[in-house]
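Shown next, in structure tokens, is the structure this report addresses.
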Amino acid sequence: MGNNKNQHVFDLEDRTTEFGRRVIRLCRALPKNAINDRLIRQVVGSADSVGANYREANDALSRKDMINRLRIVRKEAKETKHHLELIEEANPEFKNRMQNLINESDELKRIFSAIIDKLTND
């Protein structure tokens, strides 16, 4: 059973890293202008924080510390979704590409909400 848990953790680490990579690839493709420059800085920061804070949560010193770090992960996923929606508004020609990333940010937020709920209700 412990092995499945470790595999689950590893999969979410990979998934959050891949999410950050996908955001970076999108940002590299966006036209350079004042609006995109500002949004790119914001979205790369929050998307990067999803994976980085999730790794920190996995190494938390206590259950309370883990829950707090997971709340940060959830907050960063929500923030990333917000910035992606604004990028989509500023770059309607990227709408199809944006939808997958917006959906992934929302799904990550829901996954981390479920983990938090489980940890706080156990």
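The values are calculated or read from the model by the stated rules, or taken from the named source; none is laboratory data. Quick caveat, the model's predicted, so the values are computed rather than measured. Cβ atoms come from the backbone with ideal geometry, glycine included; neighbour counts cover every protein chain shown. Side chains are part of the model used for accessible areas, which takes the heavy atoms of the whole protein and leaves out ligands, DNA and RNA. Shrake-Rupley method; radii C 1.70, N 1.55, O 1.52, S 1.80 Å.
The residue that is nearest to Ala90 (Cα to Cα), counting only those in the stretch 43-61 that are of a type outside the set (Lys, Arg) and open to solvent by 60 Å² or more (accessible area, probe 1.4 Å), is Asp48. Checking each residue in the stretch 21-42 for being open to solvent by 10 Å² or more (accessible area, probe 1.4 Å) and either in contact with a Lys or Arg (Cβ under 8 Å, 6 or more places away or on another chain) or of a type in the set (Gly, Ala, Ser) (or both) picks out Ala29, Ala34. The residue that is nearest to Gly20 (Cα to Cα), counting only those in the stretch 91-119 that are of a type in the set (Gly, Ala, Ser) and surrounded by 15 or more Cβ atoms within 10 Å (Cβ to Cβ), is Ser105. Filter the stretch 66-90 for residues that are free of Cβ contacts under 8 Å to residues at least 24 places away in the same chain, closer than 17 Å to Ala114 by Cα and either open to solvent by less than 60 Å² (accessible area, probe 1.4 Å) or charged (D, E, K, R) (or both) and give the result. Result: Arg69, Lys75.
For the stretch 25-72, the tally of residues that are of a type in the set (S, T, N, Q) and more than 18 Å from Asp106 (Cβ to Cβ) stands at 5.
When Gly2 is tested against (1) at pLDDT below 95; (2) open to solvent by 70 Å² or more (accessible area, probe 1.4 Å), exactly one condition is not met: (2).
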